[in-house]
Amino acid sequence: MTCLVLSKDETKPIKSYKVNFNLVGIKKAFMKKILAIILIAVTTFVSAQQKYIEHTVQPGETIKSIAKAYLVTPFDIYALNPDAQRKFQPNSVLIIPNSKIKNAPIEEESKELTGYTTHKVKRKETLYGLTQKYGVSEEEIKKANRFLYANNLKKGDKIRIPRYKTVSSKQTLTNTVKKYTVQPKEGKWRIAYKFGISVADLEALNPFMKDTIQPGDELNVPNIQDQEEKEIESEFGYYEVLPKEGFYRLKVKLNLTQEQLEHLNPELKETGLKAGMVLKIPGTVRGTSELETVSTTNLKTNLTNFKTKKIALMMPYRLDRIDVDAVEETKEMMKNNNLLSTVLEFHIGVMMALDSAKQLGISTDLKVFDTRYNVAKTNDILVENDFSDYDAVIGPIEEKSFSRVAMSLKRDNIPVIAAMTKPSELLSNVFQTLPEEKLMRQAMINFVKADSSQTKVVIISDHAHRASSEALKQEFPNAKIVYSRPDKKNKSKDAFFIYHTDLQNVISTGKTLVFLETDNYNYSTSVISMLNGLVGPKTDIILATLDKGKAFEGKDIDNNNLSNLHFHYPSVRKDYDEASSNGFVKAYRAEYGVSPSKYVARGFDITLDLLMRLASAENLYDSNLEAIETEYVENKFRYKKTLFGGYINEAIYIVKYDNLKIINAN
């Protein structure tokens, strides 16, 4: 056994090869200037009554900074400069439209400190009571009496109470934002649509905005003219356009044609689709839940971004509990502590992925953090380190710690990868690598439906799965259902058994697919044994389940029976093929003398996929997530953005038992 010792908060530099490409495009730059001049002439001719400003891009400027300087939105600039979204560089010439910002002065009030009042604390007086008495906040009192940050208020203390006067001032054109009170039924999408900005812009204006806003919350919004605000209609929904999303993709996702979208959003005819813009859609429209078939992509041919990737790995190593001098004790801990064993195996997979990426020219700056499976420790890591320039963070695996990291890094839009658990809240910067159960069930149903030779379906279920079995029958209307028998003494209690004749009545010669839906181990053992007994030269039975839990694992479940029944089920992973040539498996065996566990393979697959996606685009969000499905040793990935949150992996295997092996069925 190899003992892995890690430093608590140290960067783990990986030797790398850096590749730089310099492109010189004098002709392109010249042509761009010509096109800009033509655009100015055409725009002036078409809109003679509008006045436009010509702006030459300076080094360090961005579309957002230019938009802010001229009091317009990025969408306004893109509408007149469609090439700016693809090619934006210093000395480019942009056409800036008129600002819609109000020019009317806005009156603002501020407080000015004029002095202090000395107050001697009396018995039972509290800070809250003093705030009510003097009309100041607790924080203002503490700032004037810094000892109160560490000590409670005591009788006899002499403290200073600040006195303020209210100062009114009028601000004019520099007021690019105003306060807006959230109305009932309004979410981020509706407010962004109303003020003509993207959700990302709204979040940038409100860095401390909650993920779910509530009526009465005050937000910063663009200070545009009232007549420029778009009307929010309750019968409609609102959708944010994703990067590289075109009308064809929206047709698949929303079942709306380009003509239908342009009718609801007339500005599309002028601007076209832009990432981040919010579209009005019918209220009945929801994103499709059907799983799409996407061919696997080898990202090796797509690598273009060879900048060093900065990655953080947050795992509960719990190094404070390990005595590196007590080798035998440490080995015993690794052997008996499942969490530590899992974390270290995942870590080894990560390190092997970095080495594989290095061979492709992808350099990585990895920093490892020990969260100790503790939210307070995780919070310390966030406070003591700046993650604003990281490309991604993998982990933590503890739910509360993960939520804390995701929420903290959401301000800078840093991707956070949920490697081995499903987050309780899918924030917009979260990438969930484990598919949802409902998607896995649907994948199994789609697989069965795709088999044109399938003629008979039988559903065997216990009473706890009655509702899901009835729903399954709706997918296969001709299916027959067999429920477990009730207890003889208490009819409301499930006895978890069926008679042999119950199966004989529904299984006939030919091919029959049987869904077994249960969480009861004894029930599944009995049914599997009886089904195996019915298999014969003229009777072919294929066993399947929508959810393979512990009911299908145990010493009484005979793998020979499962192989004989060609047992099928949906899975996050597949077993790697021992017979095939696999460089990762060979390297691991050479180093450790055993085959890699599923946690080693998962660490390798997730990390290599992350690095290759980052190397094939400017960032993870731009890596054409939905259109690309990648596959590695045991896992595959195709991320889809949810309508109101982050990204979920929708790549699912259907596996089956075949000659005592579990192989990929699709």
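What follows draws every value from the coordinates through simple rules; no lab data is involved. What you see is a predicted model; the values in this text were computed from it and never measured. Virtual Cβ from ideal backbone geometry, glycine too; neighbours counted across all protein chains shown.
Values computed for the structure shown
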read-out: Placed amide H near Ser616: partners under 5 Å, 5+ positions off or other chain; value: Thr304, Asn305
read-out: Mean-position separation - Cα centroids, the stretch 56-83 and the stretch 514-553, in angstrom; value: 62 Å
read-out: Cβ-Cβ FRET estimate between Gln260 and Lys438, R0 fixed at 30 Å, reported to 0.05; value: 0.60
read-out: Prolate/oblate/rounded label for the stretch 431-495 (Cα gyration tensor, a/c 1.5); value: oblate
read-out: Per-residue Cβ neighbour rank within 10 angstrom, fewest leading, Phe247, Phe346, Phe604, Phe584; value: Phe247, Phe584, Phe346, Phe604
read-out: Sequence-distant residues sharing a close amide H with Thr364 (under 5 Å, placed H); value: Ile14, Lys309
read-out: The stretch 358-440: relative contact order in percent, alpha carbon pairs under 8 Å with at least 6 residues between; value: 22 percent
read-out: Taking His465, His263 and counting other C-beta atoms within 10 Å, the order from fewest to most; value: His263, His465
read-out: Sequence of Asp389, Asp605, Asp201 once ranked by neighbouring C-beta atoms within 10 Å, starting from the fewest; value: Asp389, Asp201, Asp605
read-out: Residue-span extension gain [Arg485 to Asp622] - 0.36 nm each, minus C-alpha spacing; value: 43.9 nm
read-out: Contact order relative to length of the stretch 106-171, as percent, for alpha carbon pairs under 8 angstrom and 6 or more apart; value: 61 percent
read-out: Long pairs among Lys274/Lys309; Lys493/Lys538; Lys307/Lys548; Lys438/Lys511; Lys64/Lys438; Lys122/Lys377, criterion Cα-Cα beyond 32 Å; value: Lys493/Lys538; Lys307/Lys548; Lys64/Lys438; Lys122/Lys377
read-out: Qualifying aspartates and glutamates (Cα of each under 13 Å from Cα of Lys253; at least 8 residues distant if same chain); value: Glu240, Glu245, Glu290, Glu292, Glu626
read-out: Extension gain from Asn91 to Asn298, taking 0.36 nm per residue of separation minus the Cα-Cα distance; value: 70.8 nm
read-out: Cross-link partners of Lys179 among aspartates and glutamates (Cα-Cα below 19 Å; sequence separation of 8 or more within a chain); value: Glu107, Glu108, Glu109, Asp201, Glu203, Asp211, Asp217, Glu218, Asp226, Glu228, Glu229, Glu231
read-out: In nm, spacing of pseudo-spin labels at Lys120 and Ala471 (7 Å Cα→C-beta vector); value: 7.2 nm
read-out: For Asp494, residues with placed amide H under 5 Å, excluding near neighbours; value: Asp487
read-out: Within straight-line cross-link reach of Lys656, aspartates and glutamates at Cα separation under 13 Å, skipping those fewer than 8 residues along the same chain; value: Asp575
read-out: Nearest-0.05 FRET efficiency for Arg146 and Glu233, computed from C-beta distance (R0 45 Å); value: 0.30
